[in-house]
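Chemist: One structure follows; several queries about it will come next.
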Amino acid sequence: MSAKREVKMMVEELDPRKKRILRAIIQEHIISASPIGSRTLAKKYNLDVSPATIRNEMADLEDLGYLEQPHTSAGRIPSDKGYRYYVDELIRDNSRKAPGMLNNIEDLYQDLQDVQDIISGMAKMLSNMTHYTAMVSEPKSQVSRLSKVEIMQLADNSLLLVLVTDAGMVNNKIINLDQKLSARKLSYINRFLSEKLESRLLAELNHAYLNELEKELLTRLDLSFELFKQFYNEFEGAFEPGGVKVYLGGTSYILEQPEFNDLARLKKMLKLLDQEEMLNKIINSISGSDLAIKIGQENEVEDIRNCSLVVATYYISNRAVGKIGVIGPTRMEYPRVISSVNVISDILSKLISKASG
């Protein structure tokens, strides 16, 4: 959890009966989205205790902060603390089990070569599996290596700069020059840049390093300083770090959640999902390399403090390069979501690694 805003939840050890009742309340609330009463639990769940005992245990769980009572005469609903206990303690042993339908997913997408198509496909697959909105970020450029750099002549005064990372991301930039660059000089520049840039981490290609390359190339090749400066400025801009694109899948599933029946709340969520900068902030608020879950008030972004995030990291060549996850109401099916996110993140890593060679 971020040092900027840490939500502390004192989680006590519950006795077995309280655990069973808390699990039953959460499972029933996930299904019904309504407050749960003791009679419902007594009828539907084999708890081996009377409704009166269930009521007493529910009152204790409320006093401990695991349950809330929306209205005086209503049943209880899980609190953020209750969901946190459920996630951390009650489903730990099952969190990595994958549904049988996942066995052939990798085969379905193995022929895709374009990284963007793979990411988009995995976002749709994850949302279809969970019935919540999925988010997948593109591989971060600063943790990728430059696998290919090439400059091609388009016209007398126009060049095309092609940059390809080991994550399969392609960046094309058109450079308009004030004068023509000969084929000999262009060939030399390509060899020079290939030698100096390829296989390097993009994070290493900073202003200082590119400035040294500029000086070295100018001493080796008879180029107009102004011409090279124009070329250099375009080249440097291609490596500037910025917010990566976040792909969404299944935004329409929001309409199926009772939590968003309120039109104002729905509009607020849809507006949030339409903002690239906010999506970057949300998905990158999850630090670390393992699967992470943020529930309700644990979220740093205020607009999603009534939601939960389940996010995993995907890898290329053992380097963490991006995030994949699900956003939905705190009343989400955590076992299924956790399992699905784990499996799809592994498949995404394999598919992108294969596509990028």
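Computed from the coordinates by the stated procedures, all read-outs in this text should not be read as laboratory data. Since the structure is predicted, the reported quantities are computational estimates derived from the model, not experimental observations. Positions of Cβ are backbone-derived with ideal geometry, glycine not excepted, and every protein chain shown enters the neighbour counts.
Chemist: To the nearest 20 Debye, how big is the dipole of the stretch 316-357 about its Cα centre, given +1 on the beta carbon of each Lys and Arg and -1 on that of each Asp and Glu?
Modeler: 80
Chemist: Something else now. When the gyration tensor of the stretch 248-357 is built from Cα positions, what are the square roots of 5 times its three eigenvalues, in whole Å, from largest to smallest?
Modeler: Taking √(5λ) for each eigenvalue gives 26, 14, 14 Å, largest first.
Chemist: Setting aside same-chain residues fewer than 8 positions from Lys350, which aspartates and glutamates have a Cα under 18 Å from its Cα?
Modeler: Glu106, Asp107, Asp111, Asp114, Asp117, Glu138, Asp166, Asp290
Chemist: Below 27 Å, Cα to Cα, which lysines can Lys215 reach? Residues fewer than 8 away in the same chain don't count.
Modeler: The qualifying lysines are Lys148, Lys173, Lys180, Lys185, Lys196, Lys229.
Chemist: With unit charges on the beta carbons (Lys and Arg positive, Asp and Glu negative) and the dipole taken about the Cα centre of the stretch 133-211, which residue among Ser147, Tyr188, Leu161 sits farthest to the positive side?
Modeler: Tyr188
Chemist: Separate question: Cα-Cα over 19 Å: which of Lys271/Lys294; Lys124/Lys323; Lys18/Lys43?
Modeler: Lys271/Lys294, as the Cα separations exceed 19 Å there.
Chemist: Beyond 22 Å between alpha-carbons counts as too far, so tell me which of Lys140/Lys281; Lys44/Lys81; Lys81/Lys140 fall in that bin.
Modeler: Lys44/Lys81; Lys81/Lys140
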